[in-house]
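Below is one structure; the comments refer to it alone.
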Amino acid sequence: MTQQTMFTPRPFIPEPLDWERWKGHKVKMFNVLRDGMWHSREEIVTRTGIKGFTARISDIRKAGYVVECNRASDGGATIYRILEFVGYDTTGKHTCPTCTCKQ
């Protein structure tokens, strides 16, 4: 077994202690988005009860996940999904083709 250091990060896969630490809204968001399917804002609000959930999406990105967002209609409807786990903070990686983090 290799000793972990700051320079050899291990993939962040939620474990039981993480779920206790995350609690509430972050867990609800992760559970909805973890299937890799697209989810509308309305669906997310209905399933989680969180109206202003974009901060929780940032939390999930900071935990090492690529969370994509995309326009679902000309009216501006937005959809979200977890694309993959990369193991590092993805908030500054501009992975969304349509959101405000776009380059």
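The values are calculated or read from the model by the stated rules, or taken from the named source; none is laboratory data. The structure presented is a predicted model; accordingly, all values stated were derived computationally and were not measured. Neighbour counts run over all protein chains shown; Cβ positions are idealised from the backbone, glycine included.
Select from the range 79-100 the residues that are polar (S, T, N, Q) and more than 24 Å from G24 (Cβ to Cβ) and write down the one among them that is modelled with the highest pLDDT.
As a first pass, look at the range 79-100 and keep what is polar (S, T, N, Q): 90-91, 95, 98, 100.
Adding the requirement that they be more than 24 Å from G24 (Cβ to Cβ) leaves 95, 98, 100.
Details: T95: 55, T98: 48, T100: 51.
Among them, the one singled out is T95.
Would you mind stating whether F53 is modelled with pLDDT of 65 or more and either within 21 Å of I79 (Cβ to Cβ) or surrounded by fewer than 14 Cβ atoms within 10 Å (Cβ to Cβ) (or both)? Before the answer, list the steps.
Values: modelled with pLDDT of 65 or more: yes; either within 21 Å of I79 (Cβ to Cβ) or surrounded by fewer than 14 Cβ atoms within 10 Å (Cβ to Cβ) (or both): yes.
The answer is yes for F53.
Going through the range 45-64 one residue at a time, which ones are hydrophobic (A, V, I, L, M, F, W, C) and more than 12 Å from the chain's Cα centre (by Cα)?
Taking the range 45-64 as the starting set, the residues that turn out to be hydrophobic (A, V, I, L, M, F, W, C) are 45, 50, 53, 55, 57, 60, 63.
Within the range 45-64, V45, I50 qualify.
Looking only at the range 65-82, which residues are within 15 Å of the chain's Cα centre (by Cα) and either surrounded by fewer than 15 Cβ atoms within 10 Å (Cβ to Cβ) or without any contact (Cβ under 8 Å) to a residue 24 or more places away in the chain (or both)?
Residue satisfying the conditions is N70 alone.
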- Query: Of the numbered conditions (1) in a loop (DSSP other than H, G, I, E, B); (2) modelled with pLDDT of 85 or more, G76 satisfies every one except a single condition; which is it?
  - Reply: (2)
